[in-house]
1. Taking 8 Å as the Cα distance limit and 6 or more residues as the minimum spacing, I'd like the relative contact order of the stretch 134-242 as a percentage.
2. In nm, what is the difference between 0.36 nm times the number of residues separating residue 149 and residue 174 and their Cα-Cα distance?
3. Quick one: order 61, 125 by neighbouring beta-carbon count within 10 Å, fewest to most.
4. Among 150, 179, 201, whose Cα sits farthest toward the positive end of the charge dipole of the stretch 134-242 (+1 at Cβ of Lys/Arg, -1 at Cβ of Asp/Glu, about the Cα centre)?
5. Relative to the present Cα-Cα distance, how much length would full extension add between residue 117 and residue 99 at 0.36 nm per residue of separation?
6. So what's the Cα pair-distance distribution over the stretch 134-242, bin width 5 Å, in %?
7. Under a Cβ-only charge scheme (Lys and Arg +1, Asp and Glu -1), can you give me the dipole magnitude of the stretch 166-221 about the Cα centre, in debye to the nearest 20?
8. Quick check for you: which residues of the stretch 157-196 have the amide N under 13 Å from the point 7 Å beyond the Cα of residue 134 toward its beta carbon?
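Just so you know, all these numbers are worked out from the coordinates, no wet-lab data involved. What you see is a predicted model; the values in this text were computed from it and never measured. Cβ coordinates were reconstructed from backbone atoms using ideal geometry, including for glycine residues, and neighbour counts include every protein chain displayed.
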Amino acid sequence: MRQSLLRFSLTLGVIGTTLIGSVLGSNFPAQALPEEEVVKTLEGVPVFMITDLEGRPVPLSLSLGGQNVEKKDLAVFFISEDNAEEVVEKLESQSSQLEGKVEARALPLSQAYQLMMANQELEDSPFLFFPERSQVQEAVKILRQENSQVQGFNAVPLFVAKQVIKTGDQEEEKYLTFQQGDREVIPVFFDIKQLEESIKASQAENPELSSSAIAIDVISLEDMINLLHSSDNEQLKNLVFMPLK
């Protein structure tokens, strides 16, 4: 059995997340989007894996804080390159034999998805997404606005903006879009600051938008991938992921 080289902790709390159905609709047919559509949607986002110099994944162990549970021999996909580099530094500091022999290697999210799908029949998946901590904290802040009891968000958060339009007693929500060539796309952000900057730019260009309320939905990457894999809802084809910078 391979020996795990690092143990690090992720504190697990109550998962509080906006239901994915509230973002893109809740009545989905069972038929999935074509696999090539899913891959195309995910391929522009880099994730980072700890590997040896030949590209083989370095197995890690994960201690689940507060649950006295340890998962071993995981291939971890880091959303943040900085987080992955920190792990490389820790590995090298713990063992002189690893100095210069491990690295944070970038790969597209689509490849991570394909690796996970190829191993989906396993009882315990050897793959895990590791979120960027500050973005998790931002997600919790947003979720607590609706539910003060939310203690944590145990997934990679994504952020989507929507315009709230009030007409008398009626309220309509419309997800913010931008033009990409001849397509109108829905941007999905890994970084809330990038989303906020996008909102400000849109409001500066569109007076109508600046006079209406803007709300932010929090979605987990894991739920979004499951949705892409299991639904052929046409709106999913309009999603564009905006990776961390």
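1. Working: 143 pairs, mean separation 36.3, N = 109.
Reported as a whole number, the value is 33 percent.
2. Working: separation 25, 0.36 × 25 = 9.00 nm, distance 2.74 nm.
Result for the pair: 6.3 nm of gain on full extension.
3. 125, 61
4. The residue sitting farthest along the positive end of the dipole is 150.
5. Working: separation 18, 0.36 × 18 = 6.48 nm, distance 3.24 nm.
So the chain would gain 3.2 nm between residue 117 and residue 99.
6. All Cα pairs considered, the percentages come to 2, 11, 19, 22, 21, 16, 8, 2, 0.
7. Details: 5 positive and 12 negative charges, 31 e Å.
Dipole about the Cα centre, nearest 20: 140 debye.
8. Residues 191-195 fall inside that zone.
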